[in-house]
Amino acid sequence: MKRKETLLIKSAHEIAYETTEMVLQNVYISENAKPGQFLHIEVAGHTLRRPISIATIDKENETVTVLFKQLGEGTKALATYQAGMEINALGPSGNGFPDRDTTDTTVLLIGGGIGIPPLYCLGKKLAKEGVQVVSVLGFQNKASVFYEEAFNELGKTFITTNDGSYGEKGFVTDVVEKVADFDCYYSCGPLPMLQAVTQKLKNEKGYISLEERMGCGVGACFACVIPTDDFGGYKKICSDGPVFDANEVSL
Ligand code: FES
């Protein structure tokens, strides 16, 4: 269950273009978080909290790691926070990825940009359970690439960049075709990427994580609703998600 907690910043570094990695210490969050969940972080001077996915969970050191892109004023302000400072957050928030079917032996992770961190968290857990992990990761350009080595340690990893400055030129969907066999896919990234992925893999079992729009983060404001059908049905990303069965929502 999510709670309002204070987390100590153990470290904060820019690890790729306008991308900050922050290690945060808190016993409750590290003990209760699971892959796919996020922290709803307060930034001083900004009314809305920022939803930021969890990239690693380290129960032994009582830490979680988050990565965020310095996109708007809130995340730019958050990027100036230093080790030793404290932040408040609601967490662990959201439902996280479901437990895998025990029959799944190979999974495909498809991530784009800042949608990649929650997939790393999941991939690490699945690799530990003996599942074969194949990853396809898309970035804008070479300067934006992060966690390549970390994913390589989990299994075969393909990198694409939009401008071809690193890895294969193109989009994740171009490479997904080359991965012949998998039992289930998990995807997180910008909406156009998720639309392309779910369309391409519509006959496969898969889960997607949606994080783009959020307001209150607790199911009260309806800023995050997503249609489930053409008849007015909807789900809330913050409280029903952010992870959904790929066939459960209309993108
Ligand atoms: Fe307010 Fe989901 S962000 S209901």
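Residues that are within 6 Å of the ligand (Cβ to nearest atom), among the small types (Gly, Ala, Ser) and open to solvent by less than 40 Å² (accessible area, probe 1.4 Å) within the stretch 218-234 comprise just one, Gly219. The sole residue among Ile237, Ile208 that is crowded, with 20+ Cβ neighbours inside 10 Å, near the ligand (Cβ under 9 Å from one of its atoms) and touching a residue at least 12 places away in the same chain (Cβ under 8 Å) is Ile237. No other residue among Lys169, Lys200, Lys178 is within 13 Å of Asn247 (Cα to Cα), basic (Lys, Arg) and more than 16 Å from the ligand (Cβ to nearest atom) apart from Lys200. Does the stretch 55-66 include one or more residues that are farther than 21 Å from Ile237 by Cα, of a type in the set (S, T, N, Q) and out of contact with any helix residue (DSSP H, G or I) (no Cβ under 9 Å at 6 or more places or on another chain)? No: zero hits.
When the stretch 82-108 is filtered for residues that are in a loop (DSSP other than H, G, I, E, B), open to solvent by less than 30 Å² (accessible area, probe 1.4 Å) and not small (Gly, Ala, Ser), the ones remaining, listed by number, are Phe97, Asp104. Applying a threshold of 6 Å to beta carbon distances and a minimum spacing of six or more residues, or different chains, the list of pairs starting in the stretch 14-25 at a residue that is without any contact (Cβ under 8 Å) to a residue 12 or more places away in the chain and closer than 18 Å to Gly74 by Cα and ending at one that is among the hydrophobic types (A, V, I, L, M, F, W, C) and assigned to a strand (DSSP E or B) is empty.
The values are calculated or read from the model by the stated rules, or taken from the named source; none is laboratory data. Keep in mind it's a predicted model, so treat the numbers as computed, not measured. Here Cβ is always computed from backbone atoms with ideal geometry, including for glycine, and neighbour counts include all displayed protein chains. Ligands, DNA and RNA are excluded from the accessible area calculation, which covers all protein heavy atoms including side chains. Shrake-Rupley method; radii C 1.70, N 1.55, O 1.52, S 1.80 Å.
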